[in-house]
Amino acid sequence: MKRNLFFAATMLLAAAVSCQKAEPLAETDAANAALTRAYDMTPKITIYVETNDVNPLNAGDYLLSDGTPYASIVELFASNIHAETVGGIVRPTLYLNDKMTNLLENGGAEKYIKPLQDKGIKVLLTVLGDWAGIGLANMNDTQAEQFAKILAYAVEKYGLDGIGFDDEYANYSTALVRGSFGNIITKLRGLMPADKLITVFQYGNCGSSQIDAAAGALINYAYTNFSYWNTYIGIAGVTKDRYAPEAINLGDYLSTSVINRYGNNAYDAAEQGYGAIMHFNLRTKSDRDPLKLFNAIADGAYGETVTCENGNRPQDWTFVPGGFTISIDDVQ
């Protein structure tokens, strides 16, 4: 890949300029350098896992050659925005479907989330609509406050590292409320510890009428809609060091030429200071092996290789008919 060629050329030039032998790093210095590199690795790799049929632990099986996880962020896709009517007033709720519930409830977070976090991966819960007539873009101020409290409660309850937003499938039944999406982001940021993350998939109602620059500045990462390369940041307040210009659907068939293209773009993302590269819909390795793609991207972005420890962990949790709902009453 281009990054390796650039690295080789740089090394040759350095040898020509100076023949002075560098002192080897002490063992502690080398260890500290490796830790610093892993911690500061950019662009960050985000992997969305469809929890309806894939074990999220598979995302942690892909490792760089120094042992660092390939993924920096795993997004659990997805929880849903539902609504309840109490005393004639519509209130938002957070719904975990029958397949998502036991990934978080009944000891699920300890089994499926903490092992990823122990590897240094941030685990977020993605939130999107569910044909309930309510979503990120049509909540009034009271509803936005309630929903932000519910989300912050879920982050604390399950030991998550933040919330990812995706404005899809809401089937809005009432007029959109200007600034609703940004209002939820702002309120949520005020309720969570500073080290928790907020991400936004750049799709649906996420423009300036919904997320202004002040709210956009509170987003840790925004991801382009599926694209080889899209540098247009459609959310005010998001800078390129917090933006993913590459978004890849891992469920698609990816030819060698397509994989090489993504790898070259990963090099450009790193060189140009972009903050993330997004992968959606991780499959099991036996179903749709992503290893060639991951190697191309890791080579382009970091000059690294990727191996896989397993990648075929089964969906081994039980489903809960009816799912699980968190309301503002649970928070209060």
Check your understanding: Of the residues 219, 211, 233, 185, which is assigned to a loop (DSSP other than H, G, I, E, B) and over 19 Å from residue 42 (Cβ atoms)?
Key -> 211
Practice item. Please go through region 240-274 and pick out each residue that is in a loop (DSSP other than H, G, I, E, B), under 17 Å from the mean Cα position of the chain (by Cα) and either surrounded by fewer than 19 Cβ atoms within 10 Å (Cβ to Cβ) or among the β-branched types (Val, Ile, Thr) (or both). Key: 251
**Study point:** Pick from region 275-332, criterion of a type in the set (Ser, Thr, Tyr) and assigned to a loop (DSSP other than H, G, I, E, B), ranking: nearest to residue 63 (Cα to Cα)
**Key:** 305
Check your understanding: How about region 56-159: which helices (runs of 4 or more DSSP H) wholly inside it have at least 3 residues that are surrounded by 18 or more Cβ atoms within 10 Å (Cβ to Cβ)?
Key -> 101-104, 141-158
Review point. Do we have any residue at all in region 171-192 that's in contact with a Phe, Trp or Tyr (Cβ under 6 Å, 6 or more places away or on another chain) and under 17 Å from residue 240 (Cα atoms)?
Key: no
Revision key, fill the gap. If we keep only residues of region 188-210 that are under 16 Å from residue 144 (Cα atoms) and among the aliphatic types (A, V, I, L, M), then the residue farthest from the chain's Cα centre (by Cα) is 191
Point to revise | Verdict on residue 233 being over 28 Å from residue 284 (Cα atoms), within 18 Å of the chain's Cα centre (by Cα) and either among the hydrophobic types (A, V, I, L, M, F, W, C) or at pLDDT below 95 (or both) | key: yes
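The values are calculated or read from the model by the stated rules, or taken from the named source; none is laboratory data. What you are looking at is a predicted structure, and each value in this text was computed from that prediction instead of being measured. Heads up, the Cβs are rebuilt from the backbone with ideal geometry, glycines too, and the neighbour counts pull from every protein chain shown.
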